[in-house]
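The structure under discussion appears below in the form of structure tokens.
The values are calculated or read from the model by the stated rules, or taken from the named source; none is laboratory data. Because the structure is a prediction, the values reported are computed rather than measured. Cβ placement follows ideal geometry from the backbone for every residue including glycine, while neighbour counts extend to all protein chains displayed.
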Amino acid sequence: MLESVRSGLARLTADEAARAQREEGALLVDIRYAALRDQDGTIPGALIVERNELEWRLDPTCPHRSPEAFPSAHGASGDPEEFGRPVVVVCNEGYASSLAARSLHQLGLHRATDLDGGFQAWRAAGLPVVTPVATPEAGAAAPEAAAGTSAGARAGD
């Protein structure tokens, strides 16, 4: 199934995804669950949409779409041009993201794809990562921008 899904995607390497974000305004969408984001950090500028909310938050015609993803002034019907926005789905290691990107294709987002190797490939490429840092007073995680560091691949895709 995964092989079939991937045959219809133009999957991006970490460097290609970073370039698409920077030069084409591609929307990077991090679908990892909170525990992985808290453990490993996030990609600067990536929209956080957990997998179970992806389709309704990224459907440009849905009244509950993410305004960060599709800030259309066209109301609930959305803007048909938004279907052409490049979207790069990011999971932990690049498996769930392929299936999620296929689902976005079914919604009409024909430029949706995923990051080959997921967040772990992004970090391994040395690309920027917002790393969670414990605050002394609360002991809670607070994001702090930092360069990516390799801590090995994590399961949990």
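For residues in segment 28-74 being among the acidic types (D, E) and either in contact with a Ser or Thr (Cβ under 7 Å, 6 or more places away or on another chain) or surrounded by 14 or more Cβ atoms within 10 Å (Cβ to Cβ) (or both), which is modelled with the lowest pLDDT?
Kept after step one, since they are among the acidic types (D, E), are these residues of segment 28-74: 30, 38, 40, 50, 53, 55, 59, 68.
Next cut, either in contact with a Ser or Thr (Cβ under 7 Å, 6 or more places away or on another chain) or surrounded by 14 or more Cβ atoms within 10 Å (Cβ to Cβ) (or both) only: 30, 38, 40, 55, 59.
On the way: D30: 98, D38: 96, D40: 96, E55: 94, D59: 88.
Among them, the one singled out is D59.
Give me the strands (runs of 3 or more DSSP E) completely within segment 1-120, filtered to those with at least 2 residues that are under 23 Å from P132 (Cα atoms), ordered by residue number. Talk me through it step by step, then tell me what you get.
Details: elements: 27-30, 87-90, 112-114.
So the answer is 27-30, 87-90.
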Filtered residues of segment 1-53 (kept if of a type in the set (K, R) and under 12 Å from the mean Cα position of the chain (by Cα)): R32, R37, R51
